[in-house]
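The block underneath contains the structure these notes are about, expressed in structure tokens.
A short reminder: the numbers here are calculations on the coordinates, not readings from a lab. Just so we're clear, the structure is a prediction, and the values are computed from it rather than from any experiment. Note that each Cβ is placed from the backbone with ideal geometry, even for glycine, and that neighbours are counted across all protein chains shown.
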Amino acid sequence: MASVLLTGGSGFLGGHLLRELRAAGCEVRALSRRAESDATLSAAGAVPVRADLADAASLERALAGCEAVFHAAADTSVWKPQAMAQTATNVGGTITLLRAAESARVRAFVHTSSVSAFSHLVHDSLNESVPQRGAQSWINYERTKHLGEQAVRGSALPWIVFNPAHILGPGDRHNWSRLIAMVDREKLPGIPPGSGAFADVREVAAAQVRAWQQQRFGQAYLLGGEHASLVDFVHRVGAMLGRRTPARATPAWALMAYARVLDGWSRLSGREPAVTPEGATLTCHRLQVDSSRARRELGYRETPLEALLADTLAWMAGEGMLVSRPA
């Protein structure tokens, strides 16, 4: 039985990775810093281990005897006051984990990056040959995901990198589920004018484990899904929940102006605003992702958005996260 260290195991994608790894017969050691996470991870079949991405010695202890690392932990904040902590996690933490894995003679490093490593500055359809521009971005999340990925690519370890698009599915408590909850409560003030590629979290996790099993080392894979405008996305959610939604997108200039006002107030209150200039910029971007390489080499599947939303809403309803019942 292969032993694997998983970071981010109590998170959205990490929870699905944990299930896929256990189904593949792996012993999973999951990074944990709190007792609450211990209980969640243990219930899912993992062995919680006390370690921190900022503490090389703790990581080396956790990695002893492990065959592979699945690195899914990340700071996804798009609020400028969190930039220093985010850089420490996404860049510094990745580098520390890489060095610890090298010392422990781990034989594989499977890294969850993001389409954000390419940056909103790229307007073409993304494929693996498109140059990343994250290093040039003013958005710290994009920059740190790019730099973390580059550290992995420059490592002496056998690595595989994944760049998922907008991840959606059961288990989402903090990402697209926040927008869905606003639609459910008819509290959504407007719809951004951008578009996305919606990836099924279950397929993202399965593709990562499959790539490791096939030893696709030195390869990177974009993982997208059905493309839809955010107007279309919101209207579909509204129809499924029987809720009213804005008829059309808010102009980008108006959304940015609103975000700047909220950002100004947040500096006085110290509380993260509902919309930041960074978040507004990202949701105004029209993202296009080509997943053909992952489909061809890993059997990756793009779940139709209607079915993916139905599964997500059903899970949210079961968790008491929705006021209404999805149709």
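Here is how the numbers come out for the structure above:
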{"read-out": "Listed residues Ile160, Gln219, Ser37: farthest to the positive end of the dipole of the chain (Cβ charges)", "value": "Ser37"}
{"read-out": "Degrees separating the helix 12-23 axis from the principal Cα axis of the chain, which is the longest one", "value": "40"}
{"read-out": "Helix 305-318 axis, angle to the chain major axis (alpha carbon atoms, nearest 10°)", "value": "80"}
{"read-out": "Dmax and Rg, reported as Rg then Dmax, of the range 101-162 (C-alpha, Å)", "value": "12.7, 41"}
{"read-out": "Share of Cα-Cα pairs in the range 257-310 lying beyond 15 Å, as whole percent", "value": "66"}
{"read-out": "Cα centroid separation, the range 1-74 to the range 82-159 (Å)", "value": "19"}
{"read-out": "Positive minus negative residues near Gly225 (Lys, Arg vs Asp, Glu; Cβ under 10 Å)", "value": "-3"}
{"read-out": "Cα gyration tensor, the range 73-136 - rounded (a/c under 1.5), prolate or oblate", "value": "oblate"}
{"read-out": "Tensor-based shape of the range 225-327 (alpha-carbon gyration tensor, a/c under 1.5 rounded, otherwise prolate or oblate)", "value": "oblate"}
{"read-out": "The chain: translational diffusion in µm²/s, Stokes-Einstein, Kirkwood Rh over Cα pairs, 37 °C, 0.692 mPa s", "value": "162"}
{"read-out": "Highest average packing first - 194-207, 241-254, Cβ atoms within 10 Å", "value": "194-207, 241-254"}
{"read-out": "Rounded, prolate or oblate (a/c below 1.5 giving rounded, otherwise prolate when a/b exceeds b/c) for the range 6-72 by Cα gyration tensor", "value": "oblate"}
{"read-out": "Relative contact order of the range 35-139, pairs being alpha-carbon contacts under 8 Å that are 6 or more residues apart, as %", "value": "27"}
{"read-out": "Contact order normalised by residue count of the chain, Cα under 8 Å, 6+ apart, percent", "value": "17"}
{"read-out": "For the range 207-229 and the range 266-308, distance of Cα centres in Å", "value": "16"}
{"read-out": "Two-decimal ratio, the range 130-196, of alpha-carbon radius of gyration to 2.2 N^0.38 Å", "value": "1.50"}
